[in-house]
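Laboratory data are not the source of any read-out in this text; all were calculated from the coordinates shown. Owing to the predicted nature of the structure, the values given are computational and were not obtained by experimental measurement. Every residue, glycine as well, gets a Cβ built from its backbone with ideal geometry; the counts of neighbours run over all protein chains shown.
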Amino acid sequence: MSRVKKRSKKGKKRGQRLVVAALATVLLLCGASIAVGMMNWMTRVHGDELTDSIRIEVLNGTGEKGLGRTVARELMKKRIDVLFVDNAESFDYPETVLVVRRKKPGVESLFEMLGCRRRVEQIKTDSRVDATLIIGEDYRSLNLGLENDSSLSE
């Protein structure tokens, strides 16, 4: 006859405690994940209008090397989706222009936030972007923190 080894009460309790501790840890992590997700959602819904996925393209109208990328980086810090960065058709833009491609409340907020002085509407229903920002020679006056940027030439 074979003998069946019985578990001691101490061993059973230890195993149960480990299972309870593991489940408590999993529940704690799930709760934290849900809380972080809710905070992100609340910020997106009730936060700044600009977080409502404004998609823009940035065109360098000055010819200054790297300016488009620098402006795009600053806009992305403000949670604006920059889909394209390129040069404008010419480099003789004296002032920055925001070209509205789609009517969205966030586009008007972007115009005001930037402190841009010129806004043009060219509504295109098939546009992949909500607006085009053409950077002009007045780029240092925009509310992007570039007024003292030493990496940009004078």
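As a rough footprinting exposure proxy, the listed residues ILE80, ILE123 were ranked by other beta carbons within 10 Å of their own, and the order from fewest upward is ILE123, ILE80. Put in line by how crowded their Cβ is, counting other Cβ atoms within 10 Å and starting with the fewest, TYR139, TYR93 read TYR93, TYR139.
The Stokes-Einstein estimate for segment 50-141, based on a Kirkwood radius over Cα pairs and taken at 37 °C with 0.692 mPa s viscosity, is a diffusion coefficient of 255 µm²/s. With each label modelled as a point 7 angstrom along the Cα→C-beta vector, the VAL120-ALA21 pair spans 6.8 nm. The residues neighbouring ASP126, those whose beta-carbon lies less than 11 Å from its own, together hold a net charge of +4 under the Lys/Arg +1, Asp/Glu -1 convention.
Spin-label model, CYS30 to GLU108: label points 7 Å out along the Cα-to-beta-carbon direction sit 4.5 nm apart.
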